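I have placed the structure first, in the form of structure tokens, so that the comments after it can refer back to it.
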Amino acid sequence: MKQRRLGKTGYQVSEIGLGCWQLGGGFGPVGDETANAIMDAADAAGVTFWDTADVYGGGLSESRIGAHAKGPQVRVATKLGRAGSLFPNNYSKEGLRASLQGSAQRLGVPVLDLAQLHCVPTEVLRHGAIFGWMDELQAEGLVRHWGASVETIEEAMICLEQPGLATLQIIFNLFRQDAAEKLLPTAAERDVGIIVRLPLASGLLSGKFSKDTQFEASDHRNFNRDGEAFSVGETFSGIPFERGLALVQELKGLAPESMPMSQFALRWILDHPEVSTIIAGVSKPEQLADNVAASEQRSLFPALNAKLKEWYEKDVKPEIRGGV
């Protein structure tokens, strides 16, 4: 597995990481056997960056990761700030400290490698006090580095003004291309590692869904399809499901013949050198091999990238809900 530097953390991490929302049941129930098989497969494939959060399954994802024997190179990042004790307007230094301590306990580590503010409301980011608290908690030794996971480019640019910010987790994929223009270059200038989430737009860009696809009742692709539970941008990258299916068919006509759709989508992201790692969630261990193979695919031709940008501006961007 190819490695990239994760910004000012200095960590070397795999280009393809492991998103662990599913280990908490965010994509439907996952039993212990399947969860362990996914983590075993990640270890075997050299996937050294794992991303979780304190609210995934009410701590279940973190607990499963903490109990699992991991390779010595694995870096586990978690997130905080969406638990009911803090979100949406009860943030405090003491509350953040308690969240960090709970995550460290569940993960079984004395110090967290990386803790990211988890889609904190824009108004809280604008106020700015939360960033100072993270600096202070880092100085106390609760976390080695801190970053932020955001929903929009506006929120990302607010975070990039903070000197202590080490990483930034963003939605970036063929359905959400705007970050390439200003956000990515600014992050590179400030040595902030970019972690990409929703690289396959909740699976839409895998090309495996149809109008008959059914999702579990507990899967956010069922209950949050139109933003009923949280930001609609977090599900299918804000694209209406039926429209997304049609857009994927258009993409299939642009993809290189020898490249599977999912690898095409991941390769496009990796062709942006500012990106440190992509966290792709899987519900089955065998899906990891397909994701990891994208790291070995050749870069896309400039003419194709130009065509993809034109297609995005004309056909995709007007469809996005939840902001970009």
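Scanning segment 245-265 for residues that are in contact with a Ser or Thr (Cβ under 8 Å, 6 or more places away or on another chain) and either of a type in the set (Val, Ile, Thr) or in contact (Cβ under 8 Å) with a residue 60 or more places away in the chain (or both) returns Ser262, Ala265. Of all residues in segment 1-25, those being within 14 Å of the chain's Cα centre (by Cα) and more than 15 Å from Ile279 (Cα to Cα) number 0.
Across segment 25-52, the number of residues qualifying as assigned to a loop (DSSP other than H, G, I, E, B), over 18 Å from Phe223 (Cβ atoms) and not polar (S, T, N, Q) comes to 4.
When the residues of segment 1-45 are filtered to those that are in contact with a His (Cβ under 9 Å, 6 or more places away or on another chain) and acidic (Asp, Glu), which remaining residue is nearest to Val192 (Cα to Cα)? Selected residue: Asp43. Return yes when Ala53 is modelled with pLDDT of 95 or more, under 21 Å from the mean Cα position of the chain (by Cα), of a type outside the set (Val, Ile, Thr) and under 21 Å from Ala139 (Cβ atoms) and no when it is not. Considered against the rule, which asks whether it is modelled with pLDDT of 95 or more, under 21 Å from the mean Cα position of the chain (by Cα), of a type outside the set (Val, Ile, Thr) and under 21 Å from Ala139 (Cβ atoms), Ala53 comes out as no. For first residues located in segment 90-116 and over 15 Å from Val74 (Cα atoms) and without any contact (Cβ under 8 Å) to a residue 60 or more places away in the chain, partners that are of a type in the set (D, E, K, R) and part of a loop (DSSP other than H, G, I, E, B) and lie 6+ apart or on another chain with Cβ distances below 6 Å form the pairs Ser99/Asp54; Ser103/Asp54.
The residue that is nearest to the chain's Cα centre (by Cα), among those in segment 103-129 that are surrounded by fewer than 17 Cβ atoms within 10 Å (Cβ to Cβ) and within 17 Å of Val55 (Cα to Cα), is Pro121. Scanning segment 158-180 for residues that are assigned to a helix (DSSP H, G or I) and either among the acidic types (Asp, Glu) or within 17 Å of the chain's Cα centre (by Cα) (or both) returns Cys159, Asp178, Ala179, Ala180. Restricting attention to segment 208-232, which residues are assigned to a helix (DSSP H, G or I) and either under 20 Å from Arg176 (Cβ atoms) or in contact with a Lys or Arg (Cβ under 6 Å, 6 or more places away or on another chain) (or both)? Passing the criteria: His220, Arg221, Val232. Of the residues Gly25, Gly46, Gly7, the single one that is of a type in the set (Gly, Ala, Ser), buried (at least 22 other Cβ atoms within 10 Å of the Cβ) and touching a residue at least 12 places away in the same chain (Cβ under 8 Å) is Gly7. Of the helices (runs of 4 or more DSSP H) contained entirely in segment 259-324, those carrying at least 2 residues that are modelled with pLDDT under 95 fall at 287-293. Going through (1) under 16 Å from Thr9 (Cα atoms); (2) touching a His at 6+ places or on another chain (Cβ under 7 Å) one by one, Leu184 falls short only on (1).
The values are calculated or read from the model by the stated rules, or taken from the named source; none is laboratory data. Predicted model, so just to flag it, every value in this text is computed and none were measured. When we count neighbours, we look across all protein chains shown, and the Cβ atoms used for this are built from the backbone with ideal geometry, even at glycine.
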